[in-house]
Amino acid sequence: MSERTFDVAILGGGPAGYSAAIYAARSGLTAAVFEQGMPGGQITTTDVIENYPGFTSISGAELGDKFREHAEAAGAETVYAMVESVERMPSGAYRLSSGSESYESPTLILATGAVPRTAGFVGEDTFRGRGISYCATCDGMFYRGKKVFVIGGGNAACEEALFLSQIASEVVMVVRRDQFRAPQGVVDKLLEQPNVSVAYSRSIIAVSGGTFISQVTFRNNETGEEYTEEFEEGSIGIFVFAGTKPVVELFSDLVEIADDGGVVTDEGMATKTPGLFAAGDVRSKRLRQVITAAADGAIAATSAYHYVRG
Ligand SMILES: Cc1cc2nc3c(=O)[nH]c(=O)nc-3n(C[C@H](O)[C@H](O)[C@H](O)COP(=O)(O)OP(=O)(O)OC[C@H]3O[C@@H](n4cnc5c(N)ncnc54)[C@H](O)[C@@H]3O)c2cc1C
């Protein structure tokens, strides 16, 4: 087993992790970002980001790569590894392990972000990857010329539906309530598309089929009525955008978890454990966006600096 040490370890290479890395490296700390996948985090699954200052419109993958490039130019390192365990040692330092490698640091910034929540209907797990998807950019192309249902009424659902409207023949938004939660400008842009329609006050409660989905059961949330529509197998897709769930499993014993599933921090991003900070979507917070994740990362790194330098 080999072991390396850093002043600050940053678990997660999304907007929060790389912003923390820029601030940590520029303050003279040795900093490593641990990332299991493509640098950039969740934004790499979206086609376009239009609300991050300085970029009128940029693809998520490109913005993520710019974050990585910036952090590495400042002197931070990316360690491409899936971290399997997080421990606080008797000395108070943190140890991250991945396979036969381990890494130690006096401070740790948790920036593991969030993953999509499932909608919870019958058959959702069974047909995942066979008609059910959580990422329009990743899977949209499989539905070229087909009908897709998009579950969700928030910003991400609308933006992803807009992307899908350029590929699919028809997009039906399935919105649980009688209105969208997304900003009006985003909704207006979506509803201008001729192939987009909305089923308000509607939920999907079950899907079934053979290899692919052939039946979808809906519930009208106002009347309680349930009805099933039939489709040719493989002719439809269902994209779920039902919010996200903070990724806390590796360190839930070291932090306090709030009702929304996120890590509780103070304004300096400190958790209840000394030297342990959290930033971005993994935190309990009101607005989970790139800009708030980046801001959290900057604050967490500044707090980590003061912790390391005493
Ligand atoms: C479809 C979609 C569209 C969106 N559109 C927008 C938008 O237009 N504008 C906007 O501002 N925001 C948007 N968001 C929200 C935005 O992506 C998030 O708020 C932001 O990415 C949060 O950043 P983060 O760094 O906290 O976490 P994440 O981006 O989730 O990054 C966390 C990283 O940690 C890594 N990680 C987790 N566990 C481990 C481990 N054990 N080992 C190694 N690595 C690990 C993950 O692989 C991931 O890369 C969108 C999100 C989605 C899903």
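The values are calculated or read from the model by the stated rules, or taken from the named source; none is laboratory data. Owing to the predicted nature of the structure, the values given are computational and were not obtained by experimental measurement. Positions of Cβ are generated from backbone atoms using ideal geometry, with glycine treated the same way; all protein chains shown enter the neighbour counts. Keep in mind that these areas ignore ligands, DNA and RNA; they rest on the heavy atoms of the full protein, side chains included. Shrake-Rupley method; radii C 1.70, N 1.55, O 1.52, S 1.80 Å.
Identification of helices (runs of 4 or more DSSP H) wholly contained in the stretch 135-212 with 1 or more residues that are assigned by TED's automatic domain parsing to the domain that holds Thr46 and at pLDDT below 95 yields no element.
Within the stretch 230-246, can one find any residue that is over 24 Å from Glu160 (Cα atoms), free of Cβ contacts under 8 Å to residues at least 40 places away in the same chain and part of a helix (DSSP H, G or I)? Among the residues of the stretch 230-246, not one is over 24 Å from Glu160 (Cα atoms), free of Cβ contacts under 8 Å to residues at least 40 places away in the same chain and part of a helix (DSSP H, G or I), which makes the answer no. Pairing each residue of the stretch 134-160 that is open to solvent by 50 Å² or more (accessible area, probe 1.4 Å) with any residue that is part of a helix (DSSP H, G or I) and more than 12 Å from the ligand (Cβ to nearest atom), provided the two are 6+ apart or on different chains, yields no C-beta distance under 8 Å.
Yes/no matrix, rows are residues, columns are (1) out of contact with any His (no Cβ under 8 Å at 6 or more places or on another chain); (2) more than 8 Å from the ligand (Cβ to nearest atom); (3) open to solvent by 50 Å² or more (accessible area, probe 1.4 Å):
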| site | (1), (2), (3) |
| --- | --- |
| Leu11 | yes, no, no |
| Ala20 | yes, yes, no |
| Tyr23 | yes, yes, yes |
| Thr30 | yes, yes, yes |
| Gly40 | yes, no, no |
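Residues that are in the same structural domain as Val248 (by TED's automatic domain parsing), under 23 Å from Tyr305 (Cβ atoms), free of Cβ contacts under 8 Å to residues at least 60 places away in the same chain and among the hydroxyl-bearing types (Ser, Thr, Tyr) do occur in the stretch 20-36. For the stretch 245-270, taking the residues that are closer than 15 Å to Gly41 by Cβ and not basic (Lys, Arg), the one that is farthest from the ligand (Cβ to nearest atom) is identified as Pro246.
Just so you know, in the stretch 101-117 the residues that are among the charged types (D, E, K, R) and farther than 26 Å from Thr45 by Cα include one that is nearest to the ligand (Cβ to nearest atom), and it is Glu101. Inside the stretch 282-303, residues that are more than 13 Å from Gly113 (Cα to Cα) and either outside the structural domain of Leu29 (by TED's automatic domain parsing) or touching a residue at least 12 places away in the same chain (Cβ under 8 Å) (or both) make up a count of 8. Total residues in the stretch 271-310 satisfying the condition of being touching a Leu at 6+ places or on another chain (Cβ under 9 Å) and either near the ligand (Cβ under 10 Å from one of its atoms) or on the phi > 0 side of the Ramachandran plot (or both): the figure is 7. Of all the listed residues (Val83, Val122), the sole one being in contact with a strand residue (DSSP E or B) (Cβ under 8 Å, 6 or more places away or on another chain) and within 13 Å of the ligand (Cβ to nearest atom) is Val83. Of all residues in the stretch 174-186, those being in contact with a helix residue (DSSP H, G or I) (Cβ under 6 Å, 6 or more places away or on another chain) and open to solvent by less than 20 Å² (accessible area, probe 1.4 Å) number 1. The condition of being over 30 Å from Asp139 (Cα atoms), in contact with a Lys or Arg (Cβ under 7 Å, 6 or more places away or on another chain), crowded, with 16+ Cβ neighbours inside 10 Å and in the same structural domain as Ala298 (by TED's automatic domain parsing) holds for Ala74. All of Pro116, Pro15, Pro53 fail the test of being touching a residue at least 12 places away in the same chain (Cβ under 8 Å) and surrounded by fewer than 17 Cβ atoms within 10 Å (Cβ to Cβ), apart from Pro53. Residues in the stretch 85-108 that are surrounded by 13 or more Cβ atoms within 10 Å (Cβ to Cβ) and not in a strand (DSSP E or B): Ala93, Pro106.
Do the conditions hold for Lys272, that is, is it open to solvent by 10 Å² or more (accessible area, probe 1.4 Å), among the charged types (D, E, K, R) and assigned to a loop (DSSP other than H, G, I, E, B)? Spelling it out, Lys272 is indeed open to solvent by 10 Å² or more (accessible area, probe 1.4 Å), among the charged types (D, E, K, R) and assigned to a loop (DSSP other than H, G, I, E, B).
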